[in-house]
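Chemist: Please see the structure below; I have some questions.
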Amino acid sequence: MVTIQETELKERVILAVRTAQRLGRSILMSEVHKVDNINPLSFFNSGSERYLGERFYWKDPSEEVVIIGLGISKQIQSDQATDRFFHVEEEWAKFLKDSHIFNPYKENGLGPVMFGGFSFDPLKAKTSLWSKYADSLFHIPKYMLTIVEGQTFLTTNMVCTPNDDVTLFEKVNNERAQLLSSPEQDFTFSPAKLTQTKEISPRQWKQSVDDLVMDLKNGPLKKVVLARELRLFFDNNIKAEVILENLYNQQRDSFIFAFESNGDCFIGATPERLVKKQGNDVFSTCLAGSIKRGKTEEEDEILGQTLLNDQKNLIEHGFVVEMIKEALEESCEEIILPDKPRLMKIRDIQHLYTPVIGKCHNDASLLLLVERLHPTPALGGLPKQEAVEKIRQSEELDRGFYAAPLGWVDYRGNGEFAVSIRSGLIQGQEASLFAGCGVVANSDSESEYLETSLKFKPMLRALGGK
């Protein structure tokens, strides 16, 4: 497997401990090593005992970047509703201050990386459903595997305190050696069997859509997205490892993620990027308007053309394009935007899709961009603030991290966030799936209900349903 020099780690730990003693506070020591290829799912699985509840997994659609974190060296969390993006950024900068980072590589996603996200609406009354997740929650892992364009790297992050000594090095060295040998083991997890599926208040949800349509016809709102929940029950504890592998096999062309917190696991396969930042290059996605896939190539083509010419969906998509363009104009000196949408085809659904590329100003951080873009009209509505307030009043569901920004930021300010749709929350022997749709003045509640049923399918299938 991989040999990492012990003396290097020992010297670096001693150096960081001395800095911590001199400054009288904890200091981060982070080092990166290039290693042999390790299967990312096997690495995630290897933490199933020692790091259960403290893991994350991230894969972008092209598999250009795959990141897996095990253990928590630092947690940044807050339930404050105002300035929450700024607060996380401030805590991140404070944590990185005076840190010792040993990273000779230029690739993104190496060294100190924080992974996590924000709730959809911090002003919405919190329920027990999302009690394990703060409204802002990020983990900086102890051990992180990053695969970038086929190259594999291991980052070790450790927080050194003024009271630490050389025994910290011994502890970390032993843990890391064990971890690097673990992925070679064969991990087998038995899938839990789905025993019951329960729709949460379907009649009330349809009535909410009907009531909202009346409001849209008579008021200033143009569009509001309403979401609903499907609760699943199993004969045993659901294994995130099984669901993750199913998503990887079934939805490989999506962002696939898993984020554990205090025993629960938020997991999904979303097609929608919110924003990606590489230096001053910014990438975003307008995704709104959907239709099912065809059973034959000919039917699929007809359905796709129907979507490309459907006025309701084109108007809804136009709202998203305009809002994302306006949000990025505040931070970018240049924006490239196609004239019309194209189709994004995933396993069960095809969407109207418009990619956006921009050049941002030097002072535009990734979290600032996330704040300006969230929520897009595809998940909130228009006008933005009024739509979120309407969702807060009308929607029975506590969305938590559903439809919210989830992703990662490295210490150089690069990273990527997706919109966490096509997702579910695993809680022991139960799971909640979430799906929403855009309601406009000419919406029909039965059609919108069927659309959400279609959007449940990817996660339902991954969990063993149909």
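Since every read-out is calculated from the coordinates, none of them should be taken as a lab result. Note that the coordinates shown come from a computational prediction; the quantities given were computed from them, not determined experimentally. Reconstructed Cβ throughout: ideal geometry from the backbone, glycine too, with neighbour counts over all protein chains shown.
Chemist: Give the span of the chain's Cα atoms along each principal axis, as three whole-Å numbers ordered largest to smallest.
Modeler: Sorted largest first, the three principal extents are 69, 52, 43 Å.
Chemist: A further question on this structure: Lys and Arg at +1, Asp and Glu at -1: add these up for the other residues within a Cβ distance under 12 Å of ALA327 and post the number.
Modeler: Net of charged neighbours comes to -2.
Chemist: About the Cα centre, and with charges only on the beta carbon of Lys, Arg (+1) and Asp, Glu (-1), how big is the dipole of segment 1-80? Nearest 20 debye, please. All intermediate terms of the calculation are to be shown ahead of the outcome.
Modeler: On the way: 10 positive and 11 negative charges, 96 e Å.
Roughly 460 debye for segment 1-80.
Chemist: Could you tell me the extents of segment 348-466's C-alpha atoms along the three principal axes, largest first, rounded to whole Å?
Modeler: 47, 38, 29
Chemist: For segment 302-355, restrict the atom set to alpha-carbon positions and state the Rg and Dmax in Å.
Modeler: Computed over the Cα atoms of segment 302-355, radius of gyration and Dmax are 12.7, 39 Å.
Chemist: Full-extension gain between PHE233 and ASP444, please, as 0.36 nm times their residue separation minus the C-alpha to C-alpha distance.
Modeler: This chain segment gains 72.9 nm when fully extended.
Chemist: Report, in deg cm²/dmol and to the nearest 500, the calculated mean residue ellipticity at 222 nm for the chain, where each DSSP H run with n ≥ 4 adds -39500 (n - 2.57) and the sum is divided by the residue count.
Modeler: -10000 deg cm²/dmol
Chemist: Once the Cα atoms of helix 384-394 and of the chain are each reduced to a long axis, what angle between those two axes, in degrees from 0 to 90 to the nearest 10, is obtained?
Modeler: 80
Chemist: Can I ask one more? Across the Cα atoms of segment 9-107, what radius of gyration and what greatest pairwise Cα-Cα distance (Dmax) are found, in Å?
Modeler: So, for segment 9-107, Rg and Dmax equal 16.4, 45 Å respectively.
Chemist: Over the alpha carbons of segment 206-361, what is the largest minus smallest coordinate on each principal axis, giving the biggest first in Å?
Modeler: Computed over segment 206-361, the largest-to-smallest principal extents equal 50, 44, 39 Å.
Chemist: Please give me, ordered by residue number, the GluC sites (Glu not before Pro) of segment 336-430 that lie in loop per DSSP and have at most 15 other Cβ atoms within 10 Å.
Modeler: GLU396
Chemist: Let me ask something else. Specify the angular offset, from 0 to 90 degrees and rounded to the nearest 10, of the alpha carbon long axis of helix 202-218 from the longest principal axis of the alpha carbons in the chain.
Modeler: Value to nearest ten degrees: 70.
Chemist: Looking at segment 38-180 from every direction and averaging, what is the projected area of its Cα convex hull in nm²?
Modeler: 10.5
Chemist: Shifting gears a bit: Using the structure shown, select from LYS223/LYS345; LYS217/LYS276; LYS94/LYS142; LYS142/LYS457 the pairs with a Cα to Cα distance greater than 26 angstrom. Intermediate values should be presented prior to the final figure.
Modeler: Values: LYS223/LYS345 24 Å; LYS217/LYS276 36 Å; LYS94/LYS142 18 Å; LYS142/LYS457 35 Å.
Over 26 Å Cα-Cα: LYS217/LYS276; LYS142/LYS457.
Chemist: How large is the Kirkwood hydrodynamic radius of segment 120-253, in angstrom, based on all distinct alpha carbon pairs?
Modeler: For segment 120-253, inverting the mean 1/r across all distinct Cα pairs yields 21.0 Å.
Chemist: Net charge near MET114: determine it from the other residues with C-beta under 11 Å of the C-beta of MET114, scoring Lys and Arg +1 and Asp and Glu -1. The partial results should precede the final answer.
Modeler: On the way: positive: LYS74; negative: GLU89, GLU91, ASP410.
Surrounding charge for MET114 is -2.
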